[in-house]
Structures are given as structure tokens and as C-alpha cells.
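I have placed the structure first, in the form of C-alpha cells, so that the comments after it can refer back to it.
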Amino acid sequence: MANGALLFQSIGYPLELWTPHLSRLRPDLDIRTEENPGRADQIHYCIAWKPKPGSLAALPALKVVFSMGAGVDAIVADATYPRHVPLSRVVDPTLSQSMTEYVVMSVLYWHRRMHDLQSLQRLRKWRQIASPRAENVRVGILGFGALGQAAATALQALNYRLSGWSQTPKQAQGVTTFHGREGLEPFLNQADILVCLLPLTPGTRGILDARLFASLPPGACVINAARGGHLVEDDLIRALDSGHLRGATLDVFATEPLPETNPLWVHPKVVVTPHSAAATDPAAFMAHVARTIARVDQGLPPENLVDFARGY
Ligand code: NAP
Ligand code: GLV
């Protein structure tokens, strides 16, 4: 029996998608909403996505905060976040599977020239376009963590030549790994298709800029499924218009929803998807929440903790 309440805060999704899963697992739990939060000092657990700055600091009895996603940038950006309260994020096979599907789909799309084939179809032109064999296509994964490694495994099965870039050294069979700032340039120089799966932190904000694009081989393609804050949109447009980059698939944007006036919507070399690469699965997420509450109530640390010093 949990002895504190759980609050859903600024989750941005209809509550009825989420609460039934938790109520089924923990019928004893007192679930509160922003409209009806009750006494702040009774709230021990909070589920948040983009909480209003200061709102978590106003909960004095918090034992753990759950990010509704893998990314925690919107939560750790709040300077008033009470750092003694552990923050748990989503690391789950269902999320990895969804992201892997998105990455594989997008890599195949650019490798197999689907963009060009679709343009030809619109013109009713019957023209074959050759693609290199997968083993000659170098896919570089910027951010070789939970999602990056899962995507790499699936791409390896399709014979792509894989490399990964991370903050700390990594070893993965069949993947050429690079790390740190000094590893970035050699990593980029050999990435025909670049996939960004980095967390958004002060160290990665704006990383997809003109300098980075210039380090990619001519004709490279870029897939950003991480955060819009990684990308300098004008630099991408210039690199595409100059012909240095062949195309880009973008799932995330500095401003979401992407404003109707944003040129990326209609850019002839850009595929736009509405931050839908990998959505958190409500049942899996609530199982994680229920498991973690049980651990915390037994005095054990929560799973999938965010390191505030790193910011992810
Ligand atoms: P993760 O497991 O924490 O992996 C992050 C990777 O990035 C790690 O390999 C880390 O290096 C590396 N990294 C972080 N900062 C770095 C830096 N400054 N320089 C070099 N490498 C750096 O995160 P994840 O679960 O894979 O998720 C990644 C991101 O995907 C999330 O933060 C979120 O923003 C995004 N996401 C998007 C969607 C969507 O629908 N579009 C869905 C889910 C997640 P180390 O391994 O050395 O720490
Ligand atoms: C989605 O964007 C996530 O971070 O899980």
C-alpha cells in the first residue's frame, strides 16, 4: 500500500490513456491531477513531461519524479528542480523498438532513393535509380545510448556499416566507435547517413550546425529523431540547398508543433514527421512506474536514473 499520492503534471496527453494502466496495477494509489492536486505535502510521486518551472519545487514530499519519455531536457531545464529528488526516465524495449523502426525506415528511405523515386512517380517517369549495396553505406549514430545501440543492432542485420559516437568509450561488436569531442570529426568524415539520437544538453544543443554538416561526406543524409534543439535549421537548409547534403528526415523541431510558415515543411529535400518516431507506450510506462514505486517504498533506488551533472 503506497502511503503517498501520485500527481500527473503537464503531461500533454489525455490522462485517460494512462491512468487505467496504473489503477489496474496499483488500485490503492491515490492518483491526482493538476486540476485536482489536493495537498502538496501528500504527493510522493510525480509523472511529468514539460512541467511548469517551479512546479516540482512546490511539492515538498516528493520521493521520485518520472519523466514520461526518454528525454528529460524539459524537466532538467527547470533550475528550481529539487535535485535531491531522483528523476527516472523511460528506458524500455517498446520505446527502443519504435525508435528502431523509425531509424531503419529512414535509413532505407535515403539509401534506396525513395525520395527521388517518389518525385519521379509524381512526374509519371519510369526511371531506375541504382543504390549502393548496404555494406557500402556507412551509417553513423550520434548518441550511442539505449536507443542508438538498439537501432544499430537492427541496421547491422541489414548489413550497413555502423559507427557510433558517445561521450564515454563504448565497445560494440561490428560497430566502429568514437567518443568525445576529439572523436567527432573522424566519426563524421565517414558517415554517409547520420542519425542523431543524442539527449539535449548544453553540450549537444545546436550540434547539427554548418560545421558539422561540412564534416560529413558530400551527398550525406541526416536523420534527427532526438530534439529540435540539436539542429540549426538555417544551416541545414543551406547545406541542402548547396547540394552538400542530399536529404534530411526530421522528427523533432525547435518549435513544436512546427509552425505552418516554417520552410522545412515544403523543402524539396526534407521529410517532416510530427515528433512521432517513438512514443512512450502507456502500459509499459505504467508498469515501470508501479515497479519503481514498489522499489522506493522498500527503500531501494529507482531504475533508469538521470545524472543531473551530465543532464541526461
Ligand atoms: P541515452 O541512453 O542516455 O543515450 C544518449 C547517448 O548520447 C549516450 O551514448 C551518450 O554517451 C551520448 N551523449 C550524450 N551527451 C553527449 C556528448 N556531449 N557527446 C557525445 N555523446 C553524448 O539516451 P536514449 O534513451 O538513447 O535517448 C536519446 C534521446 O532520444 C533522448 O534524450 C530523447 O531526446 C530522444 N528521443 C526522441 C524520441 C522521439 O520520438 N523523437 C523518442 C525517444 C527519445 P554515453 O553513453 O557516453 O553517456
Ligand atoms: C520522446 O521524445 C522521448 O523523449 O521519449
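A short reminder: the numbers here are calculations on the coordinates, not readings from a lab. All values reported here derive from a predicted model rather than from experimental measurement. Positions of Cβ are backbone-derived with ideal geometry, glycine not excepted, and every protein chain shown enters the neighbour counts.
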query: Residue separation times 0.36 nm, minus the C-alpha to C-alpha distance between V266 and R83: what's the value?
result: 61.6 nm
query: Using a simple spin-label model with points 7 Å from Cα along the Cα→Cβ vector, what separation in nm is obtained for A61 and R127?
result: 6.9 nm
- prompt: In nm, to one decimal, how far is the modelled label at R211 from the one at K170, with both set 7 Å along Cα→Cβ?
  reply: 2.3 nm
- prompt: Tell me, what are the semi-axes, in whole angstrom and largest first, of the equivalent ellipsoid of segment 94-272 as set by the roots of 5 times the Cα gyration tensor eigenvalues?
  reply: 24, 20, 15
- request: Choose one answer from L120, L216, L95: the residue with the largest mean-square fluctuation in a GNM of the chain with alpha-carbon springs under 10 Å.
  value: L120
message: At 0.36 nm per residue, and after removing the present C-alpha to C-alpha distance, how many nm does the segment from H244 to L117 gain when stretched out fully?
response: 43.7 nm
statement: Taking the chain and counting helices only, DSSP H stretches of n ≥ 4 at -39,500 (n - 2.57) each over all residues, the nearest-500 ellipticity at 222 nm comes to -8500 deg cm²/dmol
- prompt: Dipole of the chain (Lys/Arg Cβ +1, Asp/Glu Cβ -1, origin at the Cα centre): which of T280, V72, H244 lies farthest to the positive side?
  reply: H244
query: Say a site is exposed when it is one of the GluC sites (Glu not before Pro), sits in a DSSP loop, and has at most 11 other Cβ atoms within 10 Å; what is then the longest site-free stretch of the chain?
result: 36-259
task: Kindly state, to the nearest 0.05, the FRET efficiency for D28 paired with A283, given R0 = 30 Å and r defined as their beta-carbon distance.
output: 0.95
- prompt: Size of the dipole of segment 94-272 about the Cα centre, Lys and Arg at +1 and Asp and Glu at -1 on the beta carbon, nothing else charged, in debye to 20?
  reply: 620 debye
Mean-position separation - Cα centroids, segment 236-312 and segment 71-130, in angstrom: 8 Å
message: Please list, by residue number, every one of the chymotrypsin sites (Phe, Trp or Tyr not before Pro) in segment 1-85 that is coil in DSSP and has at most 14 other beta-carbon atoms within 10 Å.
response: none
field: Bins of 5 Å, starting at 0 and running to the largest distance - Cα pair percent for segment 208-270
entry: 4, 19, 33, 27, 13, 4, 0
message: Straight-line reach only, C-alpha to C-alpha below 26 angstrom: list the lysines that K52 could link to, leaving out same-chain residues fewer than 8 apart.
response: K63
statement: Per the Cα gyration tensor, segment 36-192 corresponds to an equivalent ellipsoid with semi-axes, largest first in Å, of 41, 21, 13
statement: One would report the antiparallel percent of DSSP beta bridges in the chain, rounded to the nearest 5, as 5 percent
- line: Once the dipole of the chain is set up from charges on Cβ (+1 Lys and Arg, -1 Asp and Glu), the residue from the list P82, L188, P37 lying farthest towards its positive end is L188
message: Just to be sure I understand: of the beta bridges DSSP finds with both ends in segment 170-271, what percent are antiparallel, rounded to 5?
response: 10 percent
- request: Give the share of C-alpha pairs in each 20 angstrom bin for the chain, from 0 to the last occupied bin, in whole percents, shortest bins first.
  value: 31, 52, 17, 1
query: How large is the charge dipole for the chain, taken about the Cα centre, if only the Cβ atoms of Lys, Arg (+1) and Asp, Glu (-1) carry charge, to the nearest 20 debye?
result: 780 debye
- line: For the D297, Q42 Cβ pair and Förster radius 22 Å, calculated FRET efficiency rounded to 0.05 is 0.90
